[in-house]
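Data first, discussion second: the structure below is written as structure tokens.
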Amino acid sequence: MTACGGSRTRVRSQRGWSGWTGVRLANLVFVALVAAGFVGAAALYAGPQEQTVVFAPVQGEIEMGLAPFVERVLEEAAETGAAAVILEMDTPGGRVDAAWRIVDALRESEVPVYTFINPRALSAGAMIALATDGIYMRGGGSIGAATPVVGDQKASEKMVSAMRSEFRALAEERGLDPTIGEAMVDEAVDLPGYAPEGRLLTLTTSEAVEIGVAVAQVDGAAAVLEDIGLTGAVEVESAPSWAEALVRFLTMSQVAPLLLSLGMVGVFMEIRSPGFGIPGALGIASLAAFFGAHHLVHLAGVEELLLLGAGVILIAVEVFVIPGMGVAGILGAGAILGASVMSMLGRFPTFGDVFNAMGLVALSIILASVSAWALVRHLPRSRWLSGVYLRETTDRDTGYLSAPERDDLIGARGVALTDLRPAGTALINEERVDVVTEGPWIEADTAIEIVSADGYRHVVRAV
């Protein structure tokens, strides 16, 4: 009895545990479903996530350093899911090739881009603004005046035609009368009521709104957000990074010639002094900054860098292998100057662009020459660098001679053992003598005559 009773008790206990477990699992599932419902309801109540609008400044001169910044802003806006990008523009214009690159980036942008002109977008700035999805202008603003110029003169008809076509295409993309775009570039285009023939089209804010170029006149960025339906969106200010700001600074037309000048002066001083020191390091750093910055903005490509390297190698050969200002030195200098000019040219250089680049390089040479002359003339007497330059001399009048006088060699004849360009070695009276020509190069095995002897300097001419 006891055994049987114990068995029943045990069976009842197992059945009770199993039933309790099932109830527990059902309760847990019910609680989970209720919790999920509350979470979903809370998510629906909270509404969609906050939208973000990126503001990017386009101010000052439009140069090649600006294009990478705009490209980065558009890429980051697409990656972060921004609702829109607004370019805050105030520019008198700038490089056409830089504007073209920005326009290409705007056309490929996955995020809507708008322009807030505050207060002007002229020349290349007008082209960039027309490439965006909408233009908003502050009162008293202006847009237009996009004729390409070279210096103070209008560019060639070829360049004007290309710009006219570009503006016409941008106007068509925005659903505007193509004549509006053409009139901004060419004064020969007649736009009745706004720009008669003979006058470039430059629109005020009210005129731009009236003709359809601008969407509306606004008082500030908040009004732009309201008009595009993004009131209350999170505003993110995008500014150039320190690297982008540095590249823009180094590629400015006022800074590039100074970098070239410093590079040339540093190399010149290094050649005149033994070893390698601060001038050489400064020269190399300046040239590296010039070509590196232009390479980053896609002005200096592989061709320019290879040409620069070839020039440096040729000059090194001239200095260390075949001393004397010969063919290698001339070719090396020409290669470096050519690389400097090419690195300032964009994708579609005009004759004016080439002329301007050559002018900047010429200015750099002048600055370098003047600086080198000043250094050679004044630094030896500088009290700050008295330990660098040796002021005392040991001349003949005080009894010092660099080498014994060889007046016996004057008039002696021999043969050149090496090419004299202009220095080399000759065989005079069965003696090897270091000689230098009067000027013209002399090939090896040419008969020569010594015309003067001053210490180690023996001047010869061909006979």
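Some values worked out for this structure:
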{"quantity": "Order of SER369, SER364 - criterion: other Cβ atoms within 10 Å of each residue's Cβ, fewest first", "calculated": "SER369, SER364"}
{"quantity": "Prolate/oblate/rounded label for the stretch 47-146 (Cα gyration tensor, a/c 1.5)", "calculated": "oblate"}
{"quantity": "Projected-area mean, the stretch 52-240, by convex hull of Cα positions, square nanometres", "calculated": "9.8"}
{"quantity": "Cβ-based exposure ranking for THR115, THR147, THR425, in which fewest neighbours within 10 Å come first", "calculated": "THR425, THR147, THR115"}
{"quantity": "Under-5 Å amide H pairs with VAL149, H placed in peptide plane, nonlocal only", "calculated": "ALA155"}
{"quantity": "Fraction of antiparallel bridges per DSSP, the stretch 114-225 only, in percent to nearest 5", "calculated": "40"}
{"quantity": "Modelled FRET efficiency - R0 41 Å, ALA423 with VAL302, Cβ distances, 0.05 increments", "calculated": "0.65"}
{"quantity": "GluC sites (Glu not before Pro) restricted to the stretch 186-230 and DSSP loop, no more than 13 other C-beta within 10 Å", "calculated": "GLU197"}
{"quantity": "Dimensionless Rg/Rh of the stretch 403-462 - Kirkwood Rh, Rg from C-alpha atoms", "calculated": "0.91"}
{"quantity": "Ranking of SER261, SER123, SER241 by count of other Cβ atoms within 10 Å, fewest first", "calculated": "SER241, SER261, SER123"}
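Values in this text are rule-based calculations from the coordinates and carry no lab data. Predicted, not measured: the structure shown is a model, and the values here were computed from it. Methodologically, a virtual Cβ is constructed for each residue, glycine included, from the backbone with ideal geometry; neighbour enumeration extends over all protein chains shown.
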